[in-house]
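Notes to accompany the following structure.
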Amino acid sequence: METLKFETAVGASSQLAELSHIMDSIPNIIDWCIDRFTNYVLLSVKGINIRATDIINTLDGHGIHATQLYEE
């Protein structure tokens, strides 16, 4: 199982609700969570055979910018 970490600027509750729907629709994701920091939100995604580019492109298609930080 892979864990991918992304930095994103999601902050408003409407954006968080949209993020929830988007993340739940991406195949092979087992779990995901967000952690709020002062300047950004850390999105952690766990799954099997997941690719950062797929997640970034899907989020970008919904107007949510994400940058991959690292992979565990």
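Nothing in this text is a laboratory measurement; each read-out follows from the coordinates by a stated rule. Treat the numbers as computed from the prediction; the structure is a model and nothing was measured. We place every Cβ from the backbone using ideal geometry, glycine too, and count neighbours over all the protein chains shown.
Per-structure values
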item	result
Residue exposure sequence - Y40, Y70 - by fewest surrounding Cβ within 10 Å	Y70, Y40
Computed magnitude of the charge dipole of the chain (debye, nearest 20; Cβ of K, R +1, Cβ of D, E -1)	80 debye
Mean residue ellipticity (222 nm) of the chain, computed from DSSP H runs ≥ 4 via -39,500 (n - 2.57), nearest 500	-10000 deg cm²/dmol
The chain pair-distance distribution - Cα-Cα, 5 Å bins, rounded %	3, 17, 32, 30, 14, 4, 0
Region 2-71: relative contact order as a whole-number percent, Cα under 8 Å and 6+ apart	48 percent
